[in-house]
1. Compute the acute angle (0 to 90°) between the alpha-carbon long axis of helix 130-141 and the principal axis of greatest extent of the alpha-carbon atoms of the chain; round to the nearest 10°.
2. Helix-only estimate, please: 222 nm mean residue ellipticity of the chain, summing -39500 (n - 2.57) across DSSP H runs of length 4 or more and dividing by its residues, to the nearest 500.
3. Using a/c under 1.5 as the rounded threshold, could you call the range 24-101 rounded, prolate or oblate? The axes a ≥ b ≥ c are square roots of the C-alpha gyration tensor eigenvalues, and prolate needs a/b larger than b/c, oblate otherwise.
4. So for Thr67, Thr25, what's the accessible-area order with a 1.4 Å probe, most first?
5. Grab the beta carbon distance between Asn109 and Asn144, set R0 = 35 Å, and tell me the FRET efficiency rounded to 0.05.
6. How large is the Rg to Rh ratio of the chain when both quantities use alpha carbon positions and Rh follows Kirkwood?
7. Charges only on Cβ, +1 for Lys and Arg, -1 for Asp and Glu: so what's the dipole of the range 1-112 about the Cα centre, in debye to the nearest 20?
8. Order the following by accessible area, largest value first: Lys101, Lys26. Probe radius 1.4 Å; ligands, DNA and RNA are ignored.
Amino acid sequence: DPKSLDAKLLSGTIARVSRDYSLATKFFEEAHSQSPRNFPASDSLALVLAESDSNDDVQRALELAETNLAMVKDNAQMQLTAATTLSWVYYKLGRMADAEKLLAQIAQNNAVTADAAYYIARILTDKGEKQQALTVLDQVMAGNPVFANRAAAEELIESLRGEAGAPAGK
């Protein structure tokens, strides 16, 4: 059903996991246009826009992520998701201190998702704390979770192990 909001969200999610961000953007834009207050649509749209090479898209991702966080302030689970998304958008904008601060707050509440762990590992890698990043990734991957950034996390693990001269593996 081309008008189904759920079908658009599912198609966008499949495209995002496949790292086809332009196709994911198309589906999430359609879902967001159809239902502007739908949190999964706007949060997912922010995440894929953050992956764009266009500064305008990343700025729009920031606006969406900030709006989403304010919109879900009374829902703890959605607030965690919104804060994680906002931290990633900060990272993509080069606002490392803001990203780290937000992720530290999430971690302090023991509410780190697999995607958030990947974001933390990316920040640690960029700061030169590669062994710590590898430890974070190994811990999250130990549970064999399914998450949107799994392929990117596996690539980062291989890269970090390659740099360290450590044996490859998962």
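The values are calculated or read from the model by the stated rules, or taken from the named source; none is laboratory data. Bear in mind that the values here come from a model prediction, so they are computed numbers and not experimental data. Backbone-built Cβ (ideal geometry, glycine too); neighbour counts: all protein chains shown. These area figures cover heavy atoms from the full protein model, side chains too; ligands, DNA and RNA do not enter into them. Shrake-Rupley method; radii C 1.70, N 1.55, O 1.52, S 1.80 Å.
1. With both axes taken from Cα atoms, the answer is about 60 degrees.
2. When only DSSP H runs of four or more count, the value is -24000 deg cm²/dmol.
3. oblate
4. Details: Thr67 85, Thr25 30 Å².
Output order, biggest surface exposure first: Thr67, Thr25.
5. Values: r = 24 Å, r/R0 = 0.68.
Plugging the Cβ-Cβ distance into 1/(1 + (r/R0)^6) gives 0.90.
6. Reported Rg/Rh, Kirkwood definition of Rh: 0.98.
7. Charge dipole of the range 1-112: 160 debye, to the nearest 20.
8. Highest to lowest solvent-accessible surface, that is Lys101, Lys26.
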